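Novice: Pasting a structure here, questions to come.
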Amino acid sequence: MHRARLIFQDGAELTVEVEPGQSVLEGALAVDVPLRYDCCTGSCGSCVVQCLDGQTVVDLTGKVPVNADELVAGLRPACLTRLNSDASFELPYPLKPAPSSPAKHSAQIVELRRGAPSVALLTLKLERPEGFVFQSGQYIRLAAPGVGEARAYSIASTTTELPLIELMIRLVPDGKMSRWLQETAKVGDRVRLQAPLGSFGLDDRARRHVFVAGGTGLAPVLSMIRSLRGQNQPALLCFGCTRRQELFYERELAALVASMPELEVRIAVMEGADGDLRSGTAVSLLQKEDFDAQTVCYLCGPPPMVDAARKALTSHGVAAQAIRAERFQPGG
């Protein structure tokens, strides 16, 4: 038997014993340690932690939520990681305060509009918000009438907007949820959701924050940026979409900048740039002078964008421990 030392973002530490054959996540859950997780199969990435020391073995036979470079950098999915020695892990969230435990909720649609031809902006109102607490960066699983399988969507709003929850949903050709949103859904409809989920979130030890978002990957970083309002911490958002006509949320971002003088926003599109828009990707907006020793970077978007951003940040001298990522896959 080996021990896993779990170090939370707020400095709290817990040590759990992990039986032979058990994953780190299984060992933690056996003694009710509040590790965040969702699927337990390596699909979601909610349980990814940073290995600081020790010998570990990661099950690579199925889906793994980190790539080879991230494994080398010490990132480990707790649900797929077993111990060959005692080991220490850093978790990307505090022990306290903690979000509420994931639970099933009912909500009603209060607004549904198009942000762009391929993006739906959906606002839900929780029917019983009492006790519902989430961390900016977390997501929900949304189940709509007649859709079947629930889909995961990051929350774009903050806790101060509760009972309202804002979502940004990529419309996918022939996707069941996409068809429901375009053909059936209307204000007043009731939906079910499971929330809150995920471990993506702000590092409150940072003094500067850099966000890189592609498409509807804007949602969780927008929630984090909004939660920084009034804290006087410099922040940079690099936001990109593929084409000019797919760009969305421009006016809202301009209003956010006007209310947050410490926030800088750069926007790029790969095709059709005009006006103040830059030509390129969200990653191309990064500059070496954007980073210092107290900067933490947050990435959310399609996996190729996240991988490219991580490589760019590494080339700029940003340490692996200062990079947090959430890969966004269209939900269908």
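Novice: Conditions: (1) touching a strand residue (DSSP E or B) at 6+ places or on another chain (Cβ under 7 Å); (2) part of a loop (DSSP other than H, G, I, E, B); (3) of a type outside the set (D, E); (4) within 20 Å of L71 (Cβ to Cβ). V33 meets all but one. Number of the miss?
Specialist: Going through the list (1) touching a strand residue (DSSP E or B) at 6+ places or on another chain (Cβ under 7 Å); (2) part of a loop (DSSP other than H, G, I, E, B); (3) of a type outside the set (D, E); (4) within 20 Å of L71 (Cβ to Cβ), V33 breaks only (4).
Novice: Would you please list the contacts, defined by Cβ atoms under 7 Å and residues six or more apart or on different chains, that run from a residue in region 47-66 that is at positive phi to a residue that is assigned to a loop (DSSP other than H, G, I, E, B) and surrounded by fewer than 13 Cβ atoms within 10 Å (Cβ to Cβ)?
Specialist: Every condition considered, the pairs that remain are G54/S85.
Novice: While we're on this one: Sort out which residues of region 151-170 are in contact with a helix residue (DSSP H, G or I) (Cβ under 9 Å, 6 or more places away or on another chain), open to solvent by 20 Å² or more (accessible area, probe 1.4 Å) and not hydroxyl-bearing (S, T, Y), and write them in order of number.
Specialist: R151, E161, E166, R170
Novice: Go through region 17-29 and give me each residue that's in a helix (DSSP H, G or I) and open to solvent by 70 Å² or more (accessible area, probe 1.4 Å).
Specialist: Within region 17-29, E26 is the sole residue that qualifies.
Novice: Hey, V172 hits all of (1) in contact with a Lys or Arg (Cβ under 6 Å, 6 or more places away or on another chain); (2) of a type in the set (A, V, I, L, M, F, W, C); (3) at pLDDT below 95 but one; which does it fall short on?
Specialist: (1)
Novice: At pLDDT below 95, assigned to a helix (DSSP H, G or I) and either out of contact with any helix residue (DSSP H, G or I) (no Cβ under 8 Å at 6 or more places or on another chain) or over 30 Å from V147 (Cα atoms) (or both): does that describe Q321?
Specialist: Working: at pLDDT below 95: yes; assigned to a helix (DSSP H, G or I): yes; either out of contact with any helix residue (DSSP H, G or I) (no Cβ under 8 Å at 6 or more places or on another chain) or over 30 Å from V147 (Cα atoms) (or both): yes.
Here the answer is yes, as Q321 does meet what is asked.
Novice: Find the residue count for region 183-213, including only residues that are of a type in the set (A, V, I, L, M), within 18 Å of R170 (Cβ to Cβ) and open to solvent by 10 Å² or more (accessible area, probe 1.4 Å).
Specialist: Count: 1.
Novice: Name the residues in region 272-287 that are under 24 Å from the mean Cα position of the chain (by Cα) and either at pLDDT below 95 or open to solvent by 30 Å² or more (accessible area, probe 1.4 Å) (or both), would you?
Specialist: T281, S284, Q287 - these are the residues of region 272-287 that are under 24 Å from the mean Cα position of the chain (by Cα) and either at pLDDT below 95 or open to solvent by 30 Å² or more (accessible area, probe 1.4 Å) (or both).
Novice: Here is a check on your reading of the model: is L14 farther than 23 Å from Q321 by Cβ, open to solvent by 40 Å² or more (accessible area, probe 1.4 Å) and either among the β-branched types (V, I, T) or within 25 Å of the chain's Cα centre (by Cα) (or both)?
Specialist: Here the answer is no, as L14 does not meet what is asked.
Novice: Now for a different question. Looking only at residues that are basic (K, R) and assigned to a strand (DSSP E or B) in region 90-120, which one is most open to solvent (accessible area, probe 1.4 Å)?
Specialist: Of everything passing the filter in region 90-120, K104 is most open to solvent (accessible area, probe 1.4 Å).
The values are calculated or read from the model by the stated rules, or taken from the named source; none is laboratory data. Because the structure is a prediction, the values reported are computed rather than measured. We place every Cβ from the backbone using ideal geometry, glycine too, and count neighbours over all the protein chains shown. Only protein heavy atoms, including side chains, enter the accessible area calculation; ligands, DNA and RNA are left aside. Shrake-Rupley method; radii C 1.70, N 1.55, O 1.52, S 1.80 Å.
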